[in-house]
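Here's the structure, in structure tokens; my notes come after.
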Amino acid sequence: MTSVSARSPQVKSAMRTLDIIEFVVGRTEPVQAQEVATALGIPMSSMSYLLSTLCDRDYLVRDGRRYSPGPGLLRLRTPETALSLEARLAPMIRAVRTELDETVSLFGLDGWEARVLVTEASGQSLRYAIEPGARRPLHALAGGKALLSLLPDDALARYFRESARDRFTTHTLVDEADLRAEIDRVRTSGFAEAREESQSGICSLARPIALPGQPICAVSIAVPAVRYTDRLRAQAQALLRHW
């Protein structure tokens with residue numbers, strides 16, 4: 001697979017243009033340029049040019065500082081209620097993967113496991129890989145902890161009564177008290193983290209997501225431990241903070 005850094009500027013620009021269109025079409029309200037740039041990880045210098053071009057071609061319409069789908073996209077316009085959770089969030093999953101070139105996945109709750117709904121793999125040779133539909137224990141993943149943080153107290157209590165929490169590495173949290181403390185931190189900070197808890201050499205950062213009328217989910221970025229630096233962690237948090 002070709003890495004992001006090896007893609008031509010034309011290809012990267014085309015991908016960003018498609019991401020912008022999909023993002024705006026998937027929203028129920030007009031959006032500001034900064035909101036789009038933050039969600040998709042596109043520099044404002046590039047965003048201004050791309051938005052201007054899309055407006056010139058009537059794919060987007062500008063009203064003050066906000067953008068909405070233009071007449072050129074009417075044939076692609078899908079009612080919000082007809083969009084699946086995966087369809088709504090897939091463009092942003094791809095955009096984060098493109099920006100970081102790390103594996104990004106969307107997890108949903110399936111019993112007491114996290115199930116992969118969407119995944120975009122890193123193009124780097126050393127990477128974390130997981131297939132759509134794969135299921136993993138909640139307690140050992142950042143995405144799983146993010147899902148647990150969204151459960152009401154009665155459901156969380158039932159999880160601790162019913163779940164089998166195996167220890168996969170020396171870093172795996174299995175005790176209820178430790179996991180409850182971790183879940184409290186996720187609820188406070190808005191981010192979950194797992195450092196080599198599901199398998200050695202892999203770290204992950206996740207953001208819990210609760211959209212109106214949709215099942216709870218979490219977006220997770222999985223990174224080989226050798227690349228999980230403070231700088232990358234800060235970049236990932238900045239990209240996910242506005243989800």
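FYI, it's all coordinate maths here, none of it is from the lab. Bear in mind that the values here come from a model prediction, so they are computed numbers and not experimental data. Virtual Cβ from ideal backbone geometry, glycine too; neighbours counted across all protein chains shown.
Can you work out the FRET efficiency for the pair Ala238 and Thr170, with r the C-beta to C-beta distance and R0 = 30 Å, to the nearest 0.05?
Efficiency computed from Cβ-Cβ geometry: 0.45.
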Task: Selected from Ala177, Ala87, Ala37 as most flexible by GNM, with the chain as the system and alpha-carbon contacts under 10 Å - done: Ala177
Open item on the list: Need the full-extension length gain, Gln199 to Ser46, defined as separation in residues times 0.36 nm minus the C-alpha distance. One decimal, nm.
Closed with: 51.3 nm
TODO: Once you've got the GNM for the chain with C-alpha springs shorter than 10 Å, pick whichever of Leu85, Leu147, Leu232 has the biggest mean-square fluctuation.
DONE: Leu232
Task: Cα→Cβ-extended label distance, 7 Å offset, between Ser68 and Thr53, nm - done: 2.5
- [ ] Would you order Ser52, Ser149 from fewest to most other beta-carbon atoms within 10 Å of each residue's own beta-carbon?
- [x] Ser52, Ser149
Task: Residue-by-residue Karplus 3J(HN,Hα) for segment 19-30, coefficients 6.51, -1.76, 1.60, Hz, glycine and proline x - done: 4, 4, 4, 5, 5, 5, 5, x, 9, 8, 10, x
Task: Full-extension gain in nm, Thr17 to Glu29, via 0.36 nm per residue minus C-alpha separation - done: 2.4 nm
Task: Computed over the chain: relative contact order in percent, which uses C-alpha pairs under 8 Å that are six or more apart - done: 17
Open item on the list: Spelling out what I want: for every residue of segment 104-114, take phi, set θ = phi - 60°, compute 6.51 cos²θ - 1.76 cosθ + 1.60 (Karplus), and round to whole Hz; glycine and proline get x.
Closed with: 10, 9, 10, 10, x, 8, 9, x, 9, 10, 9
Task: Residues whose placed amide H lies under 5 Å from that of Ala134, excluding near-sequence neighbours - done: Val116
Task: Within a Gaussian network of the chain (alpha carbon springs, distance under 10 Å), most fluctuating of Ala222, Ala155, Ala114 - done: Ala155
- [ ] Between Phe160 and Ala177, with labels modelled 7 Å along Cα→Cβ, what's the label distance in nm to one decimal, could you check?
- [x] 1.1
Task: Karplus 3J(HN,Hα) series, Hz, for segment 207-224 with 6.51 cos²θ - 1.76 cosθ + 1.60 (x for Gly, Pro) - done: 10, x, 10, 10, 9, x, x, 10, x, 5, 8, 8, 9, 10, 10, 10, 9, x
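Around Arg165, what is the net charge, scoring Lys/Arg as +1 and Asp/Glu as -1 over all other residues with Cβ under 9 Å from its Cβ?
Summing Lys and Arg as +1 and Asp and Glu as -1 gives -2.
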TODO: Could you list Met47, Met15, Met92 in order of exposure, starting from the residue whose Cβ has the fewest other Cβ atoms within 10 Å?
DONE: Met15, Met47, Met92
TODO: Tell me which residues come under 5 Å, amide H to amide H, from Val61 once H is placed; ignore anything under 5 positions away on its chain.
DONE: Ser68, Gly70
